[in-house]
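Working notes, structure below.
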């Protein structure tokens, strides 16, 4: 299909040291330029982020600090990247939430006046989710080939959820995946403990995600002035922060978790 364009469309994908737009850095960027005549150009650059790449992140994208020790920094590459992008619009997968904000942050950090004004942003993931809904009705149709009658009534929805769960166990029986270490495994099995492990990949210590576990398994704040700091350390040095949270508009379960941490700290 010939894609109708009046200026280049730049598809972007970024690998980074982490997911924090303000703190993390790009380690690899790939740009595919689709020109108005539908010819394509692609450039991929590895970048020295001038900070260590955490091992758990390297295991995901396969890029280790030693691999890019001699690579150019983003600031060194910024003029070339900007020339390649020119006046193009952008596209990517989840790019509006991650890749484009990360790119803009790096340009501004390199003192390049990068502006998105006038550029169109297409997130392929949004098209996917819009056209292929990921809700209970869609799951019921996909796994059970039925439509929910009286959708959004509690009994109809809970019954449909139960039927979807049973259908999933049948549908994925014997199907395998490859983990990040290249090992083949069967993720969906008829075992509640194993299924619980699949759903416990979240790093949240509380349900709202205000307190998360860091790479060492310790609770840290995910927001505010103490973001990424150990909760225990903050409560020791600034006890009033605990009082502020307890009197603030935080979920009760979050308050329950920080109270447990505070009591543990006192002991």
> Among the DSSP beta bridges whose two residues both lie in the stretch 9-128, what percent are antiparallel, rounded to the nearest 5?
Replying inline: 70 percent
>> Along the Cα→Cβ direction, 7 angstrom out, place labels at residue 173 and residue 243. What is the inter-label distance in nm?
In response: 6.1 nm
> In a GNM of the chain with a 10 Å cut-off on Cα contacts, which of 141, 177, 227 has the highest mean-square fluctuation?
Replying inline: 227
>> For a quick check: sort 140, 172 by the number of other beta carbons within 10 angstrom, fewest at the front.
In response: 172, 140
>> Modelling each spin label as a point 7 Å along the Cα-to-Cβ direction, I'd like the residue 181/residue 1 distance in nm, to one decimal.
In response: 4.2 nm
> How far apart, in nm, are the 7 Å Cα→Cβ label points at residue 117 and residue 158?
Replying inline: 5.4 nm
> Can you sort 1, 246, 102 so the residue with the fewest Cβ neighbours within 10 Å comes first?
Replying inline: 1, 246, 102
> Quick one: which of 34-41, 92-99 comes out on top by average Cβ neighbours within 10 Å, and what's the full order, highest first?
Replying inline: 92-99, 34-41
>> Can you give the FRET efficiency to the nearest 0.05 for residue 166 and residue 129, using r as the Cβ-Cβ distance and R₀ = 25 Å?
In response: 0.50
> Quick one: length gained pulling residue 194 to residue 56 fully straight, 0.36 nm per residue minus the C-alpha distance?
Replying inline: 47.4 nm
> For residue 145 and residue 82 in the same chain, what is the full-extension length gain: residue separation times 0.36 nm, less their Cα-Cα distance, in nm?
Replying inline: 17.8 nm
> What number, rounded to the nearest 500 deg cm²/dmol, is the helix-based mean residue ellipticity at 222 nm of the chain, given -39500 (n - 2.57) per DSSP H run of at least four residues and division by all its residues?
Replying inline: -11500 deg cm²/dmol
> Can you list, largest first and rounded to whole Å, the semi-axes you get for the stretch 136-199 by taking the square root of 5 times each eigenvalue of its Cα gyration tensor?
Replying inline: 28, 12, 9
> How big is the antiparallel share of DSSP beta bridges in the chain, given as a percent to the nearest 5?
Replying inline: 75 percent
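All of the numbers you see were taken from the coordinates with simple rules; none came from a lab. All values derive from a computational prediction rather than experimental measurement. Counting neighbours? That spans all protein chains shown, and the Cβs are built from the backbone with ideal geometry, glycine included.
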